[in-house]
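A short write-up of the structure that comes next.
Read the figures in this text as sums done on the coordinates, not as results from a lab. Everything numeric in this text was worked out from a predicted model, so none of it was measured.
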Amino acid sequence: MSSNKNENDNGTKQKNVNLGLQESMPESFKKSHELIFSRQRLTVHEQNVFNLMIAHMREEHWKGMSAPSYEFPAKTLADWFSIDSNHLSSTLKPVADRLASRTVGFTNTATNEWDYIPILARIKYKDAKLIITPNPELKEQYIDFSNKGFALINRKPLYRLKKSYSKRLYEILSRFKQEGYQRPLSIDELKGYFGLFDESGNLSKEN
């Protein structure tokens with residue numbers, strides 16, 4: 001893994017994190033409590049791409065930057081996702097199109113407050129590389145594990161799951177696999193975590 005600094009389109013300094021051809025996927029990765037227990041509506045492939053970025057994210061990538069940008073070579077992605085490298089761009093394009101418009105929601109049922117924030121700032125395919133830039137507004141949720149804790153997620157079992165709900169449930173269970181979960185989850189909470197609600201709190205027509 002290597003990195004370099006440049007300026008993005010609006011002149012803000014940005015760090016490019018380049019994942020080389022010999023880069024290996026981490027066996028496990030951290031995801032913050034807030035991201036685990038947020039409202040998301042991602043398909044299986046969208047979750048895989050999103051977690052690809054999360055798995056390689058480090059706190060030092062954000063130092064002095066608005067947000068890092070992660071560059072994955074096509075050959076590496078083809079191996080990780082078992083996709084022919086010649087078809088990688090066309091295969092990932094509809095996934096990236098949807099992921100670019102996805103939000104993550106944080107709700108407070110006690111006060112009826114909620115906040116929906118776009119997950120990514122940008123995602124593109126250029127020069128045989130997939131380039132993903134996280135939304136800097138979610139910096140705290142991406143890298144701050146000291147506030148509410150995190151889940152340590154084993155990558156291989158997660159990626160073997162073929163349903164979006166089972167992936168989300170695996171992440172939730174990973175959050176408390178050491179000490180056990182103390183508070184029961186309501187059906188409405190689970191519906192929110194599984195992406196069954198839209199931003200207005202109604203059952204989504206996408207499901």
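Key figures for this structure:
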{"quantity": "Cα pair distances in segment 2-193, grouped into 5 Å bins until the bin that holds the longest one, percent each", "calculated": "1, 7, 15, 20, 21, 17, 10, 5, 2, 1, 0"}
{"quantity": "Amide H contacts under 5 Å for Leu130, placed H, 5+ residues apart", "calculated": "Phe72, Ala74"}
{"quantity": "Note, ³J(HN,Hα) from phi for segment 131-141, Karplus 6.51, -1.76, 1.60, rounded to Hz, x at Gly and Pro", "calculated": "10, 10, 10, x, 6, x, 5, 9, 3, 4, 5"}
{"quantity": "Residues with amide H under 5 Å from that of Ser69, placed H, sequence gap 5 or more", "calculated": "Lys15, Asn16, Val17"}
{"quantity": "Integer Hz, Karplus 6.51/-1.76/1.60 couplings in order for segment 36-50, x for Gly and Pro", "calculated": "4, 9, 10, 8, 9, 9, 10, 6, 4, 5, 5, 4, 4, 5, 4"}
{"quantity": "Normalised per residue, the volume of the convex hull around the Cα set of segment 101-172 (Å³)", "calculated": "150"}
